[in-house]
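S.K.: The structure is given below, and queries will be raised subsequently.
The values are calculated or read from the model by the stated rules, or taken from the named source; none is laboratory data. Worth saying up front: this structure is predicted, and the values here are computed from it rather than measured. No Cβ is skipped: glycine too gets one built from the backbone with ideal geometry, and neighbour counts run over all protein chains shown. For the accessible areas, the whole protein counts, side chains as well, though only heavy atoms, and no ligand, DNA or RNA atoms are used. Shrake-Rupley method; radii C 1.70, N 1.55, O 1.52, S 1.80 Å.
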Amino acid sequence: RQLNKLVDISVRECAVSHAGQEEEISRTCANMRHINLSKNLISSWDTVIAIASQVQNLETLNVSENKMRFPSTSTFTSSAFSNLKILALNQTEITWTEVLLCAQGWPVLEELYLSSNNITVLERPDNVLQTLKLLDLSDNQLLDGNQLHLIAQLPRLEQLILRNTGISSIHFPDAGFGCKTKMFPLLKRLAINDNKISQWSSINELDKLPSLRALQCNNNPFMDTEKNPETLIQLIIAKISQLEVLNNCEILPAERRGAELDYRKIFGKDWLEAGGHWNPEQNKPSEEFLAAHPRYPTLCLKYGAPEEGELKGRQPLTLKNQLLTLTIKCPEKPEQKPVEKKLPESMTIQKVKGLLYRLLKIPGSELKLSYQSSKLEGKEVELDNDLKPLQFYSIESGDCVLVRW
């Protein structure tokens, strides 16, 4: 009875095929802003224009799953979409050329969803899509990763979804090792899951993106090169310096520190063999090493070059090798002598706390644990997650655990 108050309307799968009588929509639903017209019988983009032109403040439009004809040449641009910010054109058989022609009428568009279409090649969006913040190209089979260079200058793009697009590599040729690319200047979130990326070099390239904070990369062949899933995650974190979220999981500061320290150790021997050296004047790693590990020099500056003792090959994981010799100190009770204990590196922080309650005869209060590395003086790291094991924080034999309450 009060259709004029409707703001959001869905007529999905209601066999809609035409706009109806002239001005009927504007008279009936004058305040509409969000329309879902997906999976109907709309056969032409002209019909969509006829509907949208009657909705003065249209902000969101979903016309997915309508098999439509789109203009093939530049035509008169309607003002029907002058306020449109979100547009979904999934499964409409639209091509990228047609997108660019229609985009002349989308002056303020921020989100564009183009999943499952006939898009195989891209073209530069000159003077269109300049306000776009999100672009979804998932389930389109792009010819190759170089297609991305054609949309790399979109000035406001923050999120790019490339799930299942068939790409096998990513490369930003304008930037060298350890430098940032001018492409995708504001890109914060990237989804490249379910693709054919087989080389770690493509992950190295992602560190060139100046604003990247979140990445989804599951189900790519490069992930099969490492059997241990935890090591795999550590490698990705260490290779992409500014990443804060990986496969929808937040990267905690302690997790980044552990990943970077481990990366520095794991490839330390390769660094030496490639010409790396503790003396800065003699430190000249080969181009091949830097191509494979572009962040390694930065990690050496951050944590110091790996020491010789750290570069020994991995020993078999016997219980003896997993025991950490740690010094336990209570800064708030200086009269209490430090205690030395051997603890398994797999022991959780919660169990360590239980042990320390008994060992130090502390009354029932909340323990706060941290540790100081024997190799990084003056730095103190909180052991703030009770469910994580000691090895999560990269604690090593010789380090000092500080107990407060």
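S.K.: What does the charge dipole of the chain about its Cα centre add up to, to the nearest 20 debye, if the Cβ of each Lys and Arg holds +1 and the Cβ of each Asp and Glu holds -1?
M.R.: Charge dipole of the chain: 1300 debye, to the nearest 20.
S.K.: How high is the relative contact order of the chain, given as a whole-number percent (alpha carbon pairs under 8 Å, six or more residues apart)?
M.R.: Relative CO of the chain lands at 7 percent.
S.K.: Taking the Cα centre of segment 323-404 as the origin and placing charges on Cβ (Lys, Arg +1; Asp, Glu -1), which of 347, 362, 395 is farthest toward the positive end of the dipole?
M.R.: The Cα lying farthest towards the positive end belongs to 362.
S.K.: For segment 256-310, with the dipole built from +1 on Lys and Arg beta-carbon atoms and -1 on Asp and Glu ones, taken about the Cα centre, which of 297, 280, 258 lies farthest toward the positive end?
M.R.: Going by the charge dipole, the pick is 258.
S.K.: How charged is the neighbourhood of residue 53? Take every other residue with its Cβ under 14 Å from the Cβ of residue 53, and add Lys/Arg as +1 and Asp/Glu as -1.
M.R.: Charge balance near residue 53 sits at -3.
S.K.: Just name one of 328, 215, 53: the one whose Cα is farthest towards the positive end of the charge dipole of the chain (beta-carbon charges, Lys/Arg +1, Asp/Glu -1).
M.R.: Towards the positive end, the residue furthest out is 328.
S.K.: Same structure, new question: Tell me, what is the percent relative contact order of segment 256-310, built from C-alpha pairs under 8 Å that lie six or more residues apart?
M.R.: 37
S.K.: Can you work out the accessible area per residue across the chain, with the rest of the protein chains kept in place, probe 1.4 Å, in square angstrom?
M.R.: That works out to 52 Å² for each residue.
S.K.: Is the C-alpha gyration tensor of segment 329-405 telling us rounded, prolate or oblate? Criteria: a/c under 1.5 is rounded; beyond that, a/b larger than b/c is prolate, otherwise oblate.
M.R.: oblate
S.K.: What is the gain in length, in nm to one decimal, between residue 377 and residue 6 on full extension, counting 0.36 nm per residue of separation less the C-alpha to C-alpha distance?
M.R.: Fully extending the segment from residue 377 to residue 6 adds 127.2 nm.
S.K.: Using 0.36 nm per residue of separation minus the Cα-Cα distance, give me the extension gain between residue 332 and residue 201 in nm, one decimal.
M.R.: 42.3 nm is the gain from fully extending residue 332 to residue 201.
S.K.: Quote the relative contact order of segment 323-404 in percent (integer), defining contacts as alpha-carbon pairs under 8 Å separated by 6+ residues.
M.R.: Computed value for segment 323-404: 42 percent relative contact order.
S.K.: Gap in Å between the Cα centre of segment 9-86 and the Cα centre of segment 141-172?
M.R.: Answer, in whole Å: 29.
S.K.: What pairs from 337/388; 85/302; 302/361; 351/379; 180/379; 284/388 go past 31 Å between their alpha carbons?
M.R.: Exceeds cut-off: 85/302; 302/361; 284/388.
S.K.: Under 10 Å, Cα contacts only: if you run a Gaussian network model on the chain, which one of 277, 293, 34 comes out with the highest mean-square fluctuation?
M.R.: 277
S.K.: What's the angle, to the nearest 10 degrees (0 to 90), between helix 229-239's Cα axis and the longest principal axis of the chain?
M.R.: Tilt relative to the chain: about 80 degrees.
S.K.: Rounded, prolate or oblate for the chain? Axes are the square roots of the Cα gyration tensor eigenvalues, ordered a ≥ b ≥ c, and the cut-off for rounded is a/c under 1.5.
M.R.: It is prolate, given that a/c is not under 1.5 and a/b is the larger ratio.
S.K.: Is the C-alpha gyration tensor of segment 265-307 telling us rounded, prolate or oblate? Criteria: a/c under 1.5 is rounded; beyond that, a/b larger than b/c is prolate, otherwise oblate.
M.R.: It comes out rounded by the Cα gyration axes.
S.K.: Treating cross-link reach as a plain straight distance, find the lysines whose alpha-carbon is under 24 Å from the alpha-carbon of residue 196, omitting any fewer than eight places away in the same chain.
M.R.: Partners within reach: 188, 208, 227, 239.
S.K.: Let me ask another. Mind pulling the angle between the C-alpha long axis of helix 253-266 and the longest principal axis of the chain? Nearest 10 degrees, somewhere in 0 to 90.
M.R.: For helix 253-266, the angle is close to 70 degrees.
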